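To start, the structure under review is shown below, and the notes come after it.
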Amino acid sequence: MSGKLIVISGPSGVGKSTVLKKVMDLTPNLYFSVSATTRPQRPGETDGVNYFFVSRERFQQMIAEEALLEYAEYVGNFYGTPEAPLNAALEAGKDILLDIEVQGALNVKRRRPDAILIFMLAPSFQDIENRLIGRGDTAPELVQSRLNRARWEYTQAPHYDYLVVNDDVEKAAQEIRSILTAEKCRTSERIHYLTLKEDL
Ligand code: ADP
Ligand code: 5GP
């Protein structure tokens, strides 16, 4: 059976990376889709692990080669999901987690209606600002652009299948794991058990 495609979005600073790391640590057979981006590498990030850091030329080439499932421009940089590794993992029955912004997530849902879309919120908008500033790696003018973008992102949240409020990292991670578990218990996922007629 093919794996599940789980897409998480939410404003920059809401805590996606922190919570998803916890989810990954706790969940076997769950893999992170490494995106390509033109944004500069931050301290502590590793090329090929957090992102594939590429030039704008290379990114344009990937678009031309149709190597990306989706891509979007976000606050002056391009971000995109390489499609081939994602398909290979899903076909091998692995579950895949995508941490992508709203336009990309809605494009994934259009192309793959079976994708599970989760939007991450913070208890308040002030929390997002505090966390973004507290992380200490984003210039003040970029903090403001990201917060402006966050206001628009919240307007798109009703299109998502699930909302997770990150008031506590542990709790948010458990909620995401519960969503994945519930999705795997769907009748459509388990119907093959009912075809074992010899047991009836
Ligand atoms: P994102 O990936 O959404 O941009 P990060 O995971 O980098 O966000 O988190 C932004 C900052 O907020 C980090 O400094 C992180 O430690 C902090 N943070 C994450 N979750 C919480 C939480 N539930 N409560 C308080 N701070 C948090
Ligand atoms: P950051 O620069 O903080 O790592 O990410 C900025 C935004 O880009 C986040 O909202 C993140 O979810 C999003 N993002 C990361 N990778 C991709 C991708 O492959 N496609 C899209 N559409 N957005 C992405």
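The values are calculated or read from the model by the stated rules, or taken from the named source; none is laboratory data. Keep in mind the model is a prediction, meaning the values are calculated, not measured. Cβ placement follows ideal geometry from the backbone for every residue including glycine, while neighbour counts extend to all protein chains displayed. In case anyone asks, the SASA skips ligands and DNA or RNA and just uses the protein heavy atoms, side chains included. Shrake-Rupley method; radii C 1.70, N 1.55, O 1.52, S 1.80 Å.
Output the residues belonging to the stretch 128-163 that are within 15 Å of THR18 (Cβ to Cβ), free of Cβ contacts under 8 Å to residues at least 60 places away in the same chain and open to solvent by less than 80 Å² (accessible area, probe 1.4 Å). Matches in the stretch 128-163: GLY134, GLY136. Counting only residues that are within 13 Å of ligand 2 (Cβ to nearest atom) and within 20 Å of the chain's Cα centre (by Cα), the stretch 116-137 holds 8 of them. Here LEU117 clears all of (1) more than 15 Å from ligand 1 (Cβ to nearest atom); (2) out of contact with any Phe, Trp or Tyr (no Cβ under 7 Å at 6 or more places or on another chain) except the condition numbered (2).
Scan the stretch 1-58 for residues that are under 13 Å from the mean Cα position of the chain (by Cα), under 20 Å from ASN166 (Cα atoms) and more than 11 Å from ligand 2 (Cβ to nearest atom) and the total you get is 7. Can you name the residue in the stretch 6-40 that is part of a helix (DSSP H, G or I) and surrounded by fewer than 20 Cβ atoms within 10 Å (Cβ to Cβ) and, of all such residues, is farthest from ligand 1 (Cβ to nearest atom)? Out of the qualifying residues, it is LEU26. Considering only the stretch 52-78, how many residues are open to solvent by 30 Å² or more (accessible area, probe 1.4 Å) and touching an Asp or Glu at 6+ places or on another chain (Cβ under 7 Å)? Qualifying residue count for the region: 2. Is there any pair with a first residue in the stretch 24-44 that is touching a residue at least 40 places away in the same chain (Cβ under 8 Å) and a second that is among the aromatic types (Phe, Trp, Tyr) and near ligand 2 (Cβ under 9 Å from one of its atoms) whose Cβ atoms are under 6 Å apart and which are 6 or more apart or on different chains, and what are they? That search, which allows pairs on different chains as well, returns SER35/TYR51; SER35/TYR79; THR37/TYR51; THR37/TYR79; THR38/PHE78.
Selection of the stretch 164-191 for residues being in contact (Cβ under 8 Å) with a residue 24 or more places away in the chain and either over 19 Å from the mean Cα position of the chain (by Cα) or part of a helix (DSSP H, G or I) (or both) yields VAL169, GLU170, ALA172, ALA173, ILE176, ARG177, ILE179, LEU180, GLU183, LYS184, GLU189.
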